[in-house]
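Take a look at the structure below.
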Amino acid sequence: RFLNPKRSDPPDIDLDFAWDERDGILRYVFEKYGKEKVALVANHNTFGLRAALRSVARVLGLPEGEISELIKEVEFFGHEINPSSFPLRWQRVLSVARRIYKHFYHLSTHCGGVVITPDSIRNHCPIEISPKGYQVLQWEKDGVEEGGLVKIDLLGNRSLGVVRDGIKMVIENYSLNGSVDSIYASLNPLNDRETLKIFYKADTMGVFYFESPATRRLLTQVSHGIDFEEYIKRDPFGLNVVVTSIIRPASNKSINTWLERLHGKPWGYPHPLLRPVLEETLGVMVFQEQLSQAAIYLAGFDSSEADELRKVVSKKHKEKRLKDFYIRFVEGARKKGVGKGVIEEVWKMMMGFDGYSFCKPHSASYTLLAYKSAYLKAHYPSEFMAAVIANRGGYYTTFAYISEAKRLGIYILSPHINESHVTTKGKGKIIRLGFSEIKNLNRDFAELIVSEREKRGPFRSLDDFLRRLKQHITWEQLRLLVRANCFLGLANNGSIRDTMWEALLKFRANDKFFESKGNIHFFPDQTLLEKAKIEIQAFGYPISLHPLELFNIKLPGLIKSNELHKYVGKEISIVGWWISHKFIHTIHREEMLFITFEDQSGLFEVVVFPDTYRRFSRILDYAPYPYLIKGKVDEDRGAICVELRHIGILDGKGPLYKNNPV
């Protein structure tokens, strides 16, 4: 993929670091090699529809309210818009906006690209200075390559932070000898049965790169009909390396073909010459280098030409150059006696890499990190899930990971003034949320609390806390701590209401300036539901119960998500809490939607086809209420989903719903 004998240009270099270490790495690079010799790579951003309309309208003096109205109208009509039907001033905006649409707008910084030169970088490329004071090239990544410079991607990866912090907690909790690096290197999850079960059961929520709904569905389909012992014999690591690359946009046909062959459907190679290229992936083209190898084995390309073809296929503006490559491919294949039909079939397979795919080493390195994540989840679930929450790492929201932790039998405890750290920690069957989970709490203040406690011991009372941090407390920060129940057990039998009053009175008696920003609300906290109300305000999600329990839902015939497999092919009704979603476009450019919902028993997937999406598009967005989903249960190789027929939001206003606290 990189080191073909005739390669003349240098390869890209990608280095992943934990997400919160990347800024320090950048500072190190600029300091080590010199600010004059280092620069960040730019992105060339173009005008999208909204930006074009808004920019032109502002220049022409339209007020903001009218601009927003114009944008809504244009987006509603889409390609069927008729400019002459709009007011004259809007027609002028539309005319100019159409001319600048998709043209250059401004520079931004590439997500990771860095260039280092032996002398001043200004001798090689024009630069600008970013708001942070870094040099930024005026070229984007393709221009950097054409200019003969080497782009190094220094990337921030949240899952590396998850694994790092998970191992730190394991070291602390079990008094292990060794550093994070040495223990990470010593983990050997490839043959660990509990780790393999994570992938076998598609229990990968929180596991790097394998937790999206589409990937969990594919894992279920891979293991469907195979018992665990048979699964182990099939080289699960190799299968999962394929999964990381094949699960990409526009690859549904390849996925289905690969799955059918994996489960025993007879297959053959498009041509015997391609056996060395496609044998390990069952005749399906999965990895980037297979495209280059196909051109070499079938059409006689040399390694340099084949690698160039791979690059061209992945670029945006490629049609003209691809015509030249196609002619050379056809001529070369014919010289080897390959028939026209096979030539067209293989070329079509190669063009299937239009967009995004991985080279095999990239897939393998991602899969290895995923296995180390899964090892931690299998053996140290509390530490692992706490690290996921602490790093804001993964595909889902914090609330979704808290629900997953509960399904693993872990108890979630709210932050405590004497027990919590700045970030969330886990041990045994308990996760203690960190101060960073409290909405709007200042991180510096949280670090000060922990530092004071480590220096002088636990806080003995609310009075003691106020006295020791007298110079640093504001009422707003103190109020957030009380509302999050951080003083549980230190005053008035743990009542949040009484503690809030006590905190207010003692704070005001402290001779400090006090000014309330609006009314101060105190909540009675005698019941679990009322406690959950406070938790939603403190953290953005409830801890004590599932949010569906906040609604008095009494509808006949509802089923739970863990019962869906009993209703395959049948129409069902189910209530769920919106977790995540993903839009895609069909081959006819119609919009459809995949949604992940959750109830108390687990996650479930809902697919919204284009016709249904058009009917319900106005309510198909996250809302902090239960959704009533009606549809048909579908099963494909063990993967269950609901094909949506009807959806509604249970917003607490109907006669069946009362005591709605949200």
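The values are calculated or read from the model by the stated rules, or taken from the named source; none is laboratory data. All figures in this text were calculated on a predicted structure; none of them were measured in a lab. As a convention, Cβ positions derive from the backbone with ideal geometry for all residues, glycine included, and neighbour counts pool all protein chains shown. Only protein heavy atoms, including side chains, enter the accessible area calculation; ligands, DNA and RNA are left aside. Shrake-Rupley method; radii C 1.70, N 1.55, O 1.52, S 1.80 Å.
Structure notes:
- Database remark: amide H of Ile410 closer than 5 angstrom to no amide H (H placed geometrically; neighbours at sequence offset of 5 or more, or on other chains; Pro and chain starts carry no H).
- Relative intensity, log₁₀ I(q)/I(0), of the chain from a Debye sum that treats every alpha carbon as a point, q = 0.05, 0.06 Å⁻¹: -0.31, -0.45
- Global form of region 289-391, assessed from the alpha-carbon gyration tensor, a/c cut-off 1.5: prolate
- At R0 = 22 Å, FRET efficiency that the Cβ-Cβ distance of Glu643 and Ala623 yields, to 0.05: 0.55
- Taking the charge dipole of region 174-239 about its Cα centre, with +1 at Lys and Arg Cβ atoms and -1 at Asp and Glu Cβ atoms, the residue from Ala202, Asn188, Asn177 reaching farthest to the positive side is Ala202.
- Over region 435-483, accessible surface divided per residue gives 51 Å², non-protein components excluded, 1.4 Å probe.
- Surface analysis of region 533-662 yields an accessible area of 50 Å² per residue, using protein heavy atoms and a 1.4 Å probe.
- Spin-label pair Asn552/Glu73, simplified geometry with 7 Å Cα→Cβ offset, distance in nm: 4.7
- Ligands, DNA and RNA are left out, and with a 1.4 angstrom probe the accessible area of region 260-322 is 47 Å² per residue.
- Length released on extending from Glu590 to Arg443, taking residue separation times 0.36 nm less the Cα-Cα span: 48.5 nm
- Zone of Val312's modelled label, taken as backbone nitrogen in region 7-24 under 17 Å from a point 7 Å along Cα→Cβ: 7-9
- Carbon + sulfur, % of accessible area of the chain - ligands and nucleic acids excluded, 1.4 Å: 51
- Accessible-area value, Arg321, 1.4 Å probe, nucleic acids and ligands omitted, Å²: 110
- Full-extension gain in nm, Lys102 to Glu345, via 0.36 nm per residue minus C-alpha separation: 84.1 nm
- Degrees, to the nearest 10: 288-299 long Cα axis against longest axis of the chain: 10
- Förster-model FRET efficiency, 22 Å R0, Asp23 and Ile129, C-beta, rounded to 0.05: 0.80
- Here's how it looks for Asn43: its modeled amide H is under 5 Å from those of Ser108, Thr109, His110, which are all 5 or more places away or on a different chain.
- Net lengthening on full extension, Ile430/Val59 (0.36 nm per residue, minus Cα-Cα): 127.8 nm
- Shape call, region 133-224: gyration tensor on alpha carbons, a/c limit 1.5: oblate
- Cut-off under 5 Å, modelled amide H: who pairs with Lys427 long-range: Arg432
- Lysine pairs within region 332-481, Cα separation less than 17 Å, 8 or more sequence positions apart or different chains: 9
- Two-site FRET efficiency, Ser303 against Arg234, from Cβ-Cβ distance with R₀ of 41 Å, rounded to 0.05: 0.80
- Label reach from Asp12 (point 7 Å along Cα→C-beta): in region 267-293, amide nitrogens under 13 Å belong to 288.
- Cα-projected label distance for Lys455 with Glu172, points at 7 Å along beta-carbon direction, nm: 2.0
- HN-Hα J in Hz across region 139-149 - Karplus 6.51, -1.76, 1.60, θ = phi - 60°, x for Gly and Pro: 8, 8, 4, 5, x, 4, 5, 5, x, x, 9
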